[in-house]
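The next block holds one structure in the form of structure tokens; read it before the comments.
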Amino acid sequence: MKKLVLLLMFLLPLLLLPAQEVPPTPPATDEALDLPAVAGVIEKLKAASGGEKAWEGIKNRRTTGKVVIPQAGMNAQTVSYISAAGVLRERLVFPDFGEFLQGVDGNIGWANDPIQGPRLLGDAELKQYQRMTRLHPLLKIDQDYEKIEIKEREKVGDLDCLHVVFTVKDSKRLEHWWVDEEKYYLRKLSTIITSPMGEIPITTTLGDYREIDGVALPHASEIEQGLQKIIVTIEKYEHNVEISAEDLAIPAEVQALLDRKAAREKEKEKEGAADPGKEGG
């Protein structure tokens, strides 16, 4: 059960990133070959979500919601904060387990919870979280992805969708997006993510889109990982909010890890300066 809680804490901020390795795609049919151009699909995605002008006016977002894991009989409250400046805070509270915290501050990523204690994110995790600090990833698409292709048409529930495959620049990993052809909302996401528990395939479906401050945002998400299903319901989105220094403060336990890391790096620099030929052997 504790492993599931840790997994959920890691997955929650990834709701707007694709998830799960997909099965092999069947051969393309004549209908599937008649696919729209990538550039046109991306522009329609941007327009459907509110457009670049609306998104550029949003500097940060606070999200409040609830989480239910039906098979485990568990529920939690979640509050997150994300800013255009590259700051992320995620707080998840389980009645039976306590408070789980995660954060990103530029090139620093960390987590602190009653199961694992404080820790710093590894490079692969941090890069994933840095992409999450984009309020709208489509505005930074050239920065994050090296290739985009329209693979085929597929059904997601009753919706006719385009299956779009993104190749991430830093990891070369594939992200699969399913975009409905009527409203051009993102309906399903899929890839493999790196976590403290290893490589994890997940699937996320998104729904109940509503307009908030001129942009369209999903209020219902369902994450599937193996046999587990996690249901996330967003209760409130708030944009351009004031966040207190206390809410943004790095926990003392995490700061202690950062201080020790900085001290080690400083010591290595001193050793390198004292013996310039040491690193090169």
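Figures for the structure shown
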{"read-out": "Lone unmet requirement of (1) in a strand (DSSP E or B); (2) more than 16 Å from the chain's Cα centre (by Cα) for Q71", "value": "(1)"}
{"read-out": "Long-range neighbours under 7 Å by Cβ, at least six apart or interchain, first residue at pLDDT 95 or above within the stretch 142-169, second small (G, A, S)", "value": "E152/A28; E152/A32; R153/A32"}
{"read-out": "Some residue of the stretch 232-246 being at positive phi and exposed (fewer than 15 other Cβ atoms within 10 Å of the Cβ)", "value": "yes"}
{"read-out": "Members of the stretch 70-90 that are closer than 22 Å to I223 by Cβ and buried (at least 17 other Cβ atoms within 10 Å of the Cβ)", "value": "M74, A76, T78, S80, Y81, I82, L88, R89, E90"}
{"read-out": "Selection within the stretch 79-96 - among the charged types (D, E, K, R), more than 18 Å from I69 (Cα to Cα) and modelled with pLDDT under 90", "value": "none"}
{"read-out": "In the stretch 134-153, residue farthest from V87 (Cα to Cα) [restricted to those that are basic (K, R) and loosely packed, with under 15 Cβ neighbours inside 10 Å]", "value": "K147"}
{"read-out": "Answer residue from the stretch 91-120, given it is over 21 Å from S244 (Cα atoms) and in contact with a Phe, Trp or Tyr (Cβ under 6 Å, 6 or more places away or on another chain) and is surrounded by the most Cβ atoms within 10 Å (Cβ to Cβ) among those", "value": "D113"}
{"read-out": "Subset of the stretch 220-265 (residues that are under 20 Å from L101 (Cα atoms), of a type in the set (G, A, S) and at pLDDT below 95)", "value": "S244, A245, A249"}
{"read-out": "Count - residues of the stretch 214-247 that are farther than 20 Å from K188 by Cα and either more than 19 Å from the chain's Cα centre (by Cα) or free of Cβ contacts under 8 Å to residues at least 24 places away in the same chain (or both)", "value": "9"}
{"read-out": "Tabulated pairs, the stretch 52-75, first among the β-branched types (V, I, T), second in a helix (DSSP H, G or I), C-beta under 9 angstrom, 6+ apart or interchain", "value": "V67/L8; V67/L12; I69/L4; I69/V5; I69/L8"}
{"read-out": "Residue in the stretch 117-140 that is in contact (Cβ under 8 Å) with a residue 24 or more places away in the chain, among the polar types (S, T, N, Q) and part of a strand (DSSP E or B) present", "value": "no"}
{"read-out": "The stretch 257-271 residues that are under 16 Å from A111 (Cβ atoms), paired with ones that are among the β-branched types (V, I, T) and outside any helix (DSSP H, G or I) (beta carbon under 8 Å, 6 or more apart)", "value": "L258/I108; L258/I250"}
{"read-out": "Number of the exception - L189 against (1) within 16 Å of the chain's Cα centre (by Cα); (2) over 22 Å from A48 (Cα atoms)", "value": "(2)"}
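The values are calculated or read from the model by the stated rules, or taken from the named source; none is laboratory data. On a predicted model such as this, the values are computed, not experimentally measured, just so you know. Positions of Cβ are backbone-derived with ideal geometry, glycine not excepted, and every protein chain shown enters the neighbour counts.
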